[in-house]
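Report on the following structure.
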DNA sequence: TTGTAAGCGTTATCAT
DNA sequence: ATGATAACGCTTACAA
């Protein structure tokens, strides 16, 4: 176990001073060709590698950024994080990843740890809560960009998706297919995307003069298990919805599981449409209609915005841009075929299978 | 944008020396109750947070570990990484994540960057290549644990899965169902898991006295696109296999896509079994039979092993353990039902639909 | 062009 | 019990 080589070692090997070695390796200031080659040779010989920690202490930058998302296990965030990492690494930054699991306490702790680590910037998809700590961080000069979700009263660069509009579009599409009883499994309460997606749902109903049935709005929490349970509740209703609008990918898998377990025919008995378009969406039977978010791009854009911010802070410019991307409705089969208005009756006549023990209408 | 508070500020506020403040906050050495409360109060007032970078310079530990996997977008690695992060964070370590994309150059670069960052340890799932750099790192005293894959000649703690045995078991199961022409889409050449999984396949055939048909072994690369292509090749064979054994999750989704596109009936025309058991496995039609790896546990175990190693290095103990976990065969429907030997003929008589234009047998 | 030395925020070893 | 002070490895004035 050989000792790690330092600049001092290189300098000694080159027969020059530490300052000299630093200048050559950092390629700044003055140095002769001769010194340059001496230092380079020495560094090579010792296979010297700078200690970025030590450098960071002096330069006050760590070339690391922190990323806090709710859960890297969900397709949306995995992809997003991959986007972040790709541009971060391309630019010489490392990313430190943290999963908040939608827990504000955990989120705060990670933020704190990241701050202590002296990360150069932070990309965060904030969970519920008042986020006073986030604001404090921002005020303290920490470069910060929000992704996917916003925080009221926090003016920093943000990369979002137009949740309201795409949710509206999705529900509108369902209505165009003839659906009138549209059940929705909402996201986690307190998270901005949940509110926005629900708002889009409501607007679509309203504009189509369909009365809003409270029983058709059931609260989810962005997690699979909960959605599975909630979908079960929907199925067991006396008058179940003809379609389920599920507000993220893990919940969609949960809802599908529930439909399967209860042998509900998709889309004949209950159709389904999900937010997020994971790789497996085309593989279910029937293939899943989804709202596809450009999660990878959201990641790259967020990271680019952050890097800009980091550079900007040095020059105390404050750009603070808001990027809003548009998700895409991907129509497959799970949402059902167009139903002629008068034929709708026939569709809800299909009885649910034994596990339920009674008809759907 | 207020300045970050340092120990010096705390000391000044408390009317004591920096050393004093450090001792109290670090809870070591001697200090009076009075000083303690003074320092604590001052720290609280200034909301002082230690600079772990500066501390690291002195203590030579960064409380960060590096993780290099091929691609966080695959279910196996996402889950594994989540396991790593959970135990890392529980123990006060941050994790820096890197995706090598199976590219040895990229892998080496990341390893280098991680080394420069002074991470306390490394968890890596090595790609192809000779990994001389990895060995060098290990020799230099860097704590290292390998996960999922091994490197010949590198004796460090490792967390693996018994690929050969589980592959054997899977293929054996297929044979028990009556399958005789078993196509396999292998993993990336040069990666240990690929070899092992193929070895299990071969042994199963051999022990069942089924001759090994080279045309039934097609090389994949662990990526979806390639498998989709290869599965297409299988489908177009004059005498296609009755089942496909696909060596990881992204490839399984690719193969499924190909089967779908070609309207191949699963499992009647071609059955399928996949390595890895993603959330969506029960959602395909028919539900996917898989070999489920305990990826989350692999992550937690790997991280525990690394932390042990890190602590051990300090005391120059070298435990170096090898943990081998057993995957589980999860039988669903895609692998087909038991076929009575003489009835096998009926099964391959089902003609492939128009896109293929000819029967399967 | 080169070397010296201060300083980044800590920790830890000295005296006192 | 406390306060100076010297590291840690690097960058960067400043002196030479």
* With both partners inside the protein assembly as shown, how many of the DSSP beta bridges are antiparallel, as a percent to the nearest 5? => 10 percent
* To do: Take every DSSP beta bridge whose two residues both sit in chain A, then give the antiparallel share in percent to the nearest 5.
  => 10 percent
* To do: Put a label point 7 Å from Cα along the Cβ direction on residue A:26, then list its distances to the equivalent points in the other copies in nm, shortest first.
  => 2.7
* Structure fact -> Cα pairs beyond 26 Å in chain B, in percent, come to 58 percent
* **chain B, relative contact order in percent, only Cα pairs under 8 angstrom and at least six apart counted** => 17 percent
* Structure fact -> Residue-normalised 222 nm signal for chain B, counting each DSSP H run of n ≥ 4 as -39,500 (n - 2.57), nearest 500 deg cm²/dmol, is -13500 deg cm²/dmol
* Per-residue average of Cβ from other chains inside 10 Å of A:54-65 -> 3
* **Pairs of alpha carbons in the stretch A:7-50 whose separation is greater than 16 Å (percent)** => 17 percent
* Structure fact -> Between the alpha carbon centres of the stretch B:254-293 and the stretch A:29-64 the gap in Å comes to 53 Å
* To do: Mind listing the label-point distances from residue A:338 to the same position on all other copies, shortest first, one decimal in nm, points 7 Å along Cα→Cβ?
  => 5.0
* Asked: Mind checking the mean number of beta-carbon atoms from other chains within 10 Å of the Cβ atoms in B:278-288?
  -> 6
* Asked: Inter-copy label distances at residue A:219, 7 Å along the Cα→beta-carbon direction, one decimal in nm, shortest first?
  -> 5.6
* Throw me the Rg/Rh for the protein assembly as shown, computed over C-alpha atoms with Kirkwood Rh, two decimals. => 1.02
* Protection proxy ranking, peptides B:292-305, B:127-140, average beta carbon neighbours within 10 Å, highest first -> B:292-305, B:127-140
* May I ask you to work out the translational diffusion coefficient for the stretch A:158-199 at 25 °C, viscosity 0.890 mPa s, via Stokes-Einstein with Rh from the Kirkwood sum over Cα pairs, reported in whole µm²/s? => 222 µm²/s
* Asked: Taking every residue in A:89-101, how many Cβ atoms of other protein chains lie within 10 Å of its Cβ, on average?
  -> 4
* Structure fact -> If one compares the long axis through the Cα atoms of helix B:75-90 with the longest principal axis of the Cα atoms of chain B, the angle in degrees, nearest 10, works out at 20 degrees
* To do: Specify the inter-centroid distance of the stretch A:74-88 and the stretch A:128-206, based on alpha-carbon positions, in whole Å.
  => 19 Å
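We did not get these values from a lab; they are worked out from the coordinates using the rules stated. What you see is a predicted model, and the numbers here were worked out from it, not measured in a lab. Every residue, glycine among them, receives a Cβ derived from its backbone with ideal geometry; neighbour counts consider all protein chains shown.
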